Amino acid sequence: MAPKEKYIPSETEKAFLSTVTNGKYDREIITGLKKFVDGSVPQDMQGFYSKEELDAIMELDGTDKDLQARMPVKITRHYFEQALKSKAIQTLVKASPKETYDLDGAEDPGKQMSYSPVEGLIHKYELGLIYVASTCSAHCRFCYREELIAKKEITREDGTVAAKGLAKIKDIVDYVLEHNRLVDENSGRHPETNRERLREILMSGGDPMVLGNKNIAQWLGALSEAGIESIRIGTKELAFYPERFDETFFAMLDAFHEAYPQTNLRMMVHFNHPDEFLAKDPDGNYIEHAQGGLEWIPATRASVKEFARRSWINIDNQSPIIAGINDDSDALRIMQRELKRNGVENHYFFCGRDIVGHKAFNVPIEKAWHILNESQKGLSGVEAHARLSITHYKGKTEVAAVTNTLFPGVKGGENGVVIFKLLRSAADAPDRCKVTIVGRNEEAIWFSGYDDRVIMDEAELFSMYDIQPLTAIAAE
Amino acid sequence: MTYVVTDNCIQCKYTDCVEVCPVECFYEGPNFLVIHPGECIDCDDCVDVCPANAIFNEDDLPEDKKHFLALNEELAQIWPQITDQKDPLPDAAKWDGVAGKLEHLDKSVPEG
Ligand code: SF4
Ligand code: SF4
Ligand code: SF4
């Protein structure tokens, strides 16, 4: 192995890091199905998969429909206990042959690799995304990072094929410093990409919260030193193992805030369903709290409260809308209300990407919009902040409206139109807030479902693929 | 499930595994390292970096190494945690691949 160039922390960083301790966590993870098959899981876990379910899954082992190769099966004890009481959680975490019935889909649907200047970094917007861990405490079957977690080989821009690597502190810091230096020297814009300064980094994976406090602290310190103003941590650990957010973790955060008071932290949490954080009575119903609202799982609520207490930390929830898990307006209404009540913002809901095997999980775009819209009826303005987004190659796009009003002369127009609005576009955001209008297609799960019915394409979501609006075609 | 350190680490103790483990779940004795089965998050990162090929996924343990699971569990309770990479033991290369190393395992708890 070539000698690695080490990152050298500053004095402030060293002083901060010297205060950090790692907690002890026993997640009691079960990985793989072998233990379920041979019956060596703990007594109470036996029967989590029925004999028939296991037979059907194991039959696919080693074939191109191998479920464990698509996405390793993994669950914590905490999540298992919630799954026992929830059909939605079971669908989320239990492997099922329907995942590989149809292997249609793209290995890198957001074309992320074309925005990766160094290993483990995606720099697409003013926000950079780094992969710092390649696993999570448990695994969602619908995972949209499955290529990283299952360590799949993917094709890079330059044609080489390799598994996605993780970010290294030194590489990322060097990149940020160099990028921002060029931007500053060129009066605020990068000379080649026209991007602004990199001000925000999202730590992602996998789940950064599987890392120890010291490891997380090294990232927080180094990114702050490099001039990053806002750090986001994308995590589902509040659902999988809320005890991870213990005293040692919050002590680390407080020491970090003391050392770097100007850096803002945003926890991007990932709850898909209220069953992941609400307590239930023996009949499986949520429990009304005497002081209003519903009773939470104590450990989850305690962790959320600890975050909410710290004014310099924001907590936002984002979740895809997934078939069989949360394609349910009532569940989403309860989730949005309870999260907001406890200090968690409802940020985005999004449409599943067309990753390999997506068909088992994707909800059509128009249906997802309808479900979210229904769920927000009866919510107050602040509770109903979340929008439905879908990630176009050009950037994050909102499914702004689905209408029922007749729009004659267009395929699908007899049912109305769908309006997409580009929320953010890559590089220097030239097309922000532009819209595209298409005729409806109730079955569409991706933009491609609208190729033959584009009415107006100001946002150029389709024209960038040489797909013209119908009016342009008619005029030819 | 967990990952398990097996006999070929004994007397080697190259600590490349410690360097990559994201959760620092390795524990160190005088001439052997073990993984804490509850703390390991099954990321698989340590397997490829171990120069002695001593680390196995619990499910892939060969029949004759199965007892190392219990040994890892037992020793992780009593040995101190190791978080930084160290130099291998002086005779590491010589011991690499030597059969029947288990009898050389020193289970004592280091002082201090
Ligand atoms: S938490 Fe996120 S990254 Fe981890 S398995 Fe679920 S979807 Fe994938
Ligand atoms: S890298 Fe392998 S041989 Fe070295 S200490 Fe770790 S397990 Fe033992
Ligand atoms: S599998 Fe991952 S978490 Fe477990 S010991 Fe190896 S590096 Fe550490």
Chains A and B, summed buried accessible surface - 1.4 Å probe, Å², nearest 100: 1600 Å²
Within the stretch A:280-298: backbone nitrogen closer than 13 Å to the A:His385 label point (7 Å, Cα to C-beta): none
Of A:Ser96, A:Met45, A:Ala83, farthest towards positive along the dipole that unit charges on Lys, Arg, Asp, Glu beta carbons give the stretch A:30-100: A:Ala83
Sequence-distant lysines (8 or more away, or on other chains) whose Cα lies within less than 23 Å of B:Lys107: A:Lys24, B:Lys13, B:Lys65, B:Lys66, B:Lys86, B:Lys94
Peptide B:31-40 - average C-beta neighbours from other chains (10 Å radius): 2
Cα-centred dipole magnitude for the protein assembly as shown, charges only on beta-carbon of K, R (+1) and D, E (-1), debye, nearest 20: 1440 debye
Förster radius 22 Å - calculated FRET efficiency between A:Trp312 and A:Gln291, Cβ distance, rounded to 0.05: 0.20
Percent RCO, i.e. relative contact order, over chain A, from Cα pairs under 8 Å lying at least 6 residues apart: 13 percent
Pair A:Lys170, A:Tyr101: separation of 7 Å Cα→Cβ label points (nm): 5.1 nm
Furthest towards positive pole of dipole, B:Thr83, B:Leu105, B:Ala54, structure part chain B, Cβ charges: B:Leu105
Dipole-positive endmost among A:Leu461, A:Pro364, A:Ala400 within the stretch A:320-476 (Cβ charges, Cα centre): A:Ala400
Estimated vicinal HN-Hα couplings, Hz - the stretch A:245-251 in sequence order (Karplus 6.51, -1.76, 1.60; Gly, Pro = x): 8, 9, 4, 5, 5, 5, 5
Global form of chain B, assessed from the alpha-carbon gyration tensor, a/c cut-off 1.5: rounded
Cα-based convex hull volume of the stretch A:393-476 per residue, rounded to whole Å³: 85 Å³
Assigned charges on the beta-carbon of Lys, Arg, Asp, Glu; the stretch B:3-82 dipole about Cα centre (debye): 320 debye
Span from the the stretch A:449-469 Cα centroid across to the the stretch A:369-409 one, whole angstrom: 19 Å
Trypsin sites (Lys or Arg not before Pro) restricted to DSSP loop in the stretch A:320-377 with at most 11 other C-beta within 10 Å: A:Lys377
Cα pair distances in chain A, grouped into 20 Å bins until the bin that holds the longest one, percent each: 22, 56, 21, 1
Check: the stretch A:30-100 dipole with +1 on Lys, Arg Cβ and -1 on Asp, Glu Cβ, in debye: 320 debye
Estimated inter-spin distance, A:Ser10 and B:Asp16, nm [label 7 Å along Cα→Cβ]: 3.5 nm
Pairwise label distance in nanometres, A:Ser448 with A:Asp281, each label 7 Å out on the Cα-Cβ vector: 4.9 nm
Percentage relative contact order, the stretch A:393-476, counting C-alpha pairs under 8 Å, at least six apart: 23 percent
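Sorted from largest to smallest, which semi-axis lengths in Å does the alpha carbon gyration tensor of the stretch A:30-100 give for its equivalent ellipsoid, taking the root of 5 times each eigenvalue?
Working through the eigenvalues yields semi-axes of 19, 14, 11 Å.
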Within 10 Å of each Cβ in A:19-32, the average number of Cβ atoms from other chains: 4
Cα-based Lys pair tally, the stretch A:393-476, threshold under 15 Å, eight or more apart or on separate chains: 5
Spatially proximal lysines relative to A:Lys14 (Cα-Cα < 19 Å; intrachain offsets below 8 disregarded): A:Lys6, A:Lys168, A:Lys170, A:Lys214
Calculated FRET efficiency for the pair A:Glu178/B:Asp59, C-beta based, R₀ 45 Å, to 0.05: 0.55
Two-decimal ratio, the stretch A:176-250, of alpha-carbon radius of gyration to 2.2 N^0.38 Å: 1.38
Counted charge near A:Glu383, where neighbours are those whose Cβ lies closer than 13 Å (Asp, Glu -1; Lys, Arg +1): +3
Within straight-line cross-link reach of A:Lys87, aspartates and glutamates at Cα separation under 16 Å, skipping those fewer than 8 residues along the same chain: A:Glu53, A:Asp275, A:Glu276, A:Asp281, A:Asp283, A:Asp327, A:Asp328, A:Asp330
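The values are calculated or read from the model by the stated rules, or taken from the named source; none is laboratory data. Everything quoted here is computed from the prediction, not taken from an experiment. Virtual Cβ from ideal backbone geometry, glycine too; neighbours counted across all protein chains shown. Just the protein is used for accessible areas: all its heavy atoms, side chains included, with ligands, DNA and RNA removed. Shrake-Rupley method; radii C 1.70, N 1.55, O 1.52, S 1.80 Å.
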